[in-house]
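Structure, as structure tokens:
The values are calculated or read from the model by the stated rules, or taken from the named source; none is laboratory data. Predicted model, so just to flag it, every value in this text is computed and none were measured. Virtual Cβ from ideal backbone geometry, glycine too; neighbours counted across all protein chains shown.
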Amino acid sequence: MIKKGEIIELGIDKMAFGGQAVARLDGFVVFVKGGVPGDRLTARIYKKKKDYAEARLVELIGPSPDRVEAPCPYSGHCGGCQWQHVRYESQLGYKKQHVEESMSHIGALEGVLVRDVLPSDRIFSYRNKMEFSFSDRRWLLPDEFDGSDNEAGFALGLHAPGTYSKVIDMDACLLQMEEGNRILRLVKEYARKSGMPVYGIKSHEGFWRFVTIRHSTAFDQWMVNIVTSEERPSVLRPLVEKLVGEVPDIISIVNNISRKKAAIAVGQKEIVLFGGETIRDMIGPFIFHVSANSFFQTNSQGAQKLYQCVKDLAEFKGNETVLDLYSGTGTIPIFVADKALTVTGIEIAESAVLDARKNCEENGVTNCRFICGDIRDTLSSIDLRPDVLIIDPPRAGMHKEVLAQVMALAPDRIIYVSCNPATMARDLAQMVRDYEVIEIQPVDMFPHTYHIESVAKLKRRGGARS
């Protein structure tokens with residue numbers, strides 16, 4: 001029987017959703033962090049349960065042909081990436097497998113066509129937004145244990161996996177452009193010397209909380225959002241001057257003030273310190289204004305592929321009435337508007353609805369309208385029978401009341417966009433009585449992570465309504 005702390009030899013069989021490798025020892029499942037299917041390795045058990053155990057890689061005996069050298073010095077320690085040590089083509093295969101297994105195991109949907117994953121054009125420097133956390137509890141890397149001046153009470157970077165309070169102090173992240181890493185280093189250098197304490201997630205004290213760096217892929221411009229616990233313009237003014245002086249492509253610097261205990265980089269008050277309150281980016285031919293706290297797909301080029309899939313799978317003829325649920329800042333409605341008669345979006349966040357209307361004006365789109373409200377309350381009250389329904393819910397999927405109302409609307413075609421194969425499978429399983437799942441197209445927006453976007457195409461059984 002396996003015991004906690006024991007080192008065992010294993011062969012890795014497959015990759016589980018969540019990024020961990022799977023091995024079996026006499027039929028007993030062991031999840032191995034850092035493993036790759038095809039590896040032969042030794043691993044140390046750190047958690048033992050009745051039905052499974054979890055282990056960390058100790059030594060590679062025979063590496064898998066799908067294993068590569070991770071280029072990032074923080075790989076294996078940082079929570080941002082899980083798969084830098086996996087060949088990219090193999091990552092795509094594992095993601096497709098996760099979608100297929102979710103459909104069959106969770107949704108009991110057998111025989112659904114899942115197409116090969118559309119790859120990301122870039123596998124590094126692809127993110128247009130990075131959020132870094134300050135912490136008074138630094139996660140020490142192996143080569144930092146012997147240092148006498150490690151400043152364990154200061155860190156700016158990303159969280160170590162499985163810990164909400166400890167942060168890895170980072171000089172760069174390969175998922176953003178190098179100019180973003182330069183901004184990160186400038187902020188860190190200034191904050192460390194400022195004399196102001198960093199925020200402690202346990203003590204709920206300290207000034208510096210987060211720095212969020214946004215990049216416009218289309219216009220090569222930058223926004224920096226500095227999140228602090230209080231308003232101190234005299235502290236931030238020299239930092240603003242330093243950033244603007246050394247990185248001329250910065251066109252916006254804002255300060256969000258957050259006094260809440262929740263560890264989110266959104267403040268109750270926002271102050272523009274330099275430039276405007278938004279930057280512009282493009283998805284396809286369309287321009288979008290992005291504010292510090294607005295939702296915008298973090299892979300701009302990947303978003304174009306994703307939305308083009310929505311457009312293609314909807315098979316628009318030009319005379320359709322379209323309803324988009326969870327419409328956000330209007331990116332999908334605007335992207336498909338030229339192929340539809342009208343597009344109506346429903347979104348609960350008032351700020352997102354206002355942004356959506358502005359984005360329509362910016363792009364000269366006149367056949368979109370947006371309704372602000374909770375879909376559970378709003379959907380049943382609108383006088384609309386859509387031909388095509390587009391759904392892009394949060395990770396938790398659709399609320400059961402929304403799903404029931406969707407089925408009552410009975411659109412001819414449904415396009416379901418999801419960032420979570422498990423909840424997508426659950427929702428689709430509730431729809432197959434009236435709808436056939438024609439195909440699913442996964443799109444890789446997040447290389448080196450296990451996350452995957454998918455677009456499912458559904459058609460109403462019995463053909464189009466008369």
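Evaluated against (1) surrounded by 15 or more Cβ atoms within 10 Å (Cβ to Cβ); (2) out of contact with any helix residue (DSSP H, G or I) (no Cβ under 8 Å at 6 or more places or on another chain), Phe132 falls short on exactly one condition, (2).
If the condition is being crowded, with 21+ Cβ neighbours inside 10 Å and in a loop (DSSP other than H, G, I, E, B), then the range 340-356 contributes only Ala340. Checked against (1) part of a loop (DSSP other than H, G, I, E, B); (2) closer than 23 Å to Val211 by Cβ; (3) of a type outside the set (Asp, Glu), Gly328 meets all criteria but (2). Find the residue count for the range 48-75, including only residues that are free of Cβ contacts under 8 Å to residues at least 24 places away in the same chain, in contact with a strand residue (DSSP E or B) (Cβ under 6 Å, 6 or more places away or on another chain) and of a type outside the set (A, V, I, L, M). Residues in the range 48-75 being free of Cβ contacts under 8 Å to residues at least 24 places away in the same chain, in contact with a strand residue (DSSP E or B) (Cβ under 6 Å, 6 or more places away or on another chain) and of a type outside the set (A, V, I, L, M): 2 in total. Select from the range 428-446 the residues that are touching a Gly at 6+ places or on another chain (Cβ under 7 Å) and under 19 Å from Ala404 (Cβ atoms) and write down the one among them that is surrounded by the most Cβ atoms within 10 Å (Cβ to Cβ). Taking the candidates together, the pick is Leu428. Tell me which residues, restricted to the range 281-299, are assigned to a strand (DSSP E or B), surrounded by fewer than 20 Cβ atoms within 10 Å (Cβ to Cβ) and modelled with pLDDT of 95 or more. Result: Met282, Ile287. Check whether at least one residue in the range 8-24 is among the basic types (Lys, Arg), in contact with a helix residue (DSSP H, G or I) (Cβ under 9 Å, 6 or more places away or on another chain) and either part of a strand (DSSP E or B) or not assigned by TED's automatic domain parsing to the domain that holds Ser133 (or both), and report yes or no. For the range 8-24, residues among the basic types (Lys, Arg), in contact with a helix residue (DSSP H, G or I) (Cβ under 9 Å, 6 or more places away or on another chain) and either part of a strand (DSSP E or B) or not assigned by TED's automatic domain parsing to the domain that holds Ser133 (or both): present.
So that you can scan it fast, the table gives a plain yes or no per residue for (1) more than 30 Å from Gly18 (Cα to Cα); (2) part of a loop (DSSP other than H, G, I, E, B):
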{"position": "Lys358", "(1), (2)": "yes, no"}
{"position": "Asp383", "(1), (2)": "yes, yes"}
{"position": "Leu403", "(1), (2)": "no, no"}
{"position": "Ala422", "(1), (2)": "no, no"}
{"position": "Glu436", "(1), (2)": "no, no"}
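Whether a residue is within 30 Å of Met424 (Cβ to Cβ), of a type outside the set (Phe, Trp, Tyr), more than 24 Å from the chain's Cα centre (by Cα) and crowded, with 17+ Cβ neighbours inside 10 Å was assessed, and Ala23 passes this test. Within the range 17-37, does at least one residue satisfy the condition of being over 17 Å from Gln97 (Cβ atoms), at pLDDT 95 or above and in contact with a His (Cβ under 8 Å, 6 or more places away or on another chain)? Among the residues of the range 17-37, not one is over 17 Å from Gln97 (Cβ atoms), at pLDDT 95 or above and in contact with a His (Cβ under 8 Å, 6 or more places away or on another chain), which makes the answer no. Looking only at residues of the range 357-384 that are modelled with pLDDT under 95 and over 28 Å from the mean Cα position of the chain (by Cα), we find that the one that is surrounded by the fewest Cβ atoms within 10 Å (Cβ to Cβ) is Asp383. Restricting Ile106, Ile45 to those that are among the β-branched types (Val, Ile, Thr), touching a residue at least 12 places away in the same chain (Cβ under 8 Å) and under 23 Å from Glu9 (Cβ atoms) reduces the list to Ile45. Taking Gly302, is it surrounded by 17 or more Cβ atoms within 10 Å (Cβ to Cβ) and under 21 Å from Val235 (Cβ atoms)? So Gly302 does not fit the description; no.
Checking the conditions here, which among Glu59, Glu69 is at pLDDT 95 or above, assigned to a strand (DSSP E or B), surrounded by fewer than 20 Cβ atoms within 10 Å (Cβ to Cβ) and among the acidic types (Asp, Glu)? Going through Glu59, Glu69 in turn, just one is at pLDDT 95 or above, assigned to a strand (DSSP E or B), surrounded by fewer than 20 Cβ atoms within 10 Å (Cβ to Cβ) and among the acidic types (Asp, Glu): Glu59. For the range 157-171, check the following and say yes or no: at least one residue is within 30 Å of Val437 (Cβ to Cβ), assigned to a loop (DSSP other than H, G, I, E, B) and not basic (Lys, Arg). Checked against the condition, which is being within 30 Å of Val437 (Cβ to Cβ), assigned to a loop (DSSP other than H, G, I, E, B) and not basic (Lys, Arg), the range 157-171 yields no hits at all. Please determine whether any residue of the range 94-102 is of a type in the set (Gly, Ala, Ser) and either in the same structural domain as Gly267 (by TED's automatic domain parsing) or not in a helix (DSSP H, G or I) (or both). No, every residue in the range 94-102 fails to be of a type in the set (Gly, Ala, Ser) and either in the same structural domain as Gly267 (by TED's automatic domain parsing) or not in a helix (DSSP H, G or I) (or both).
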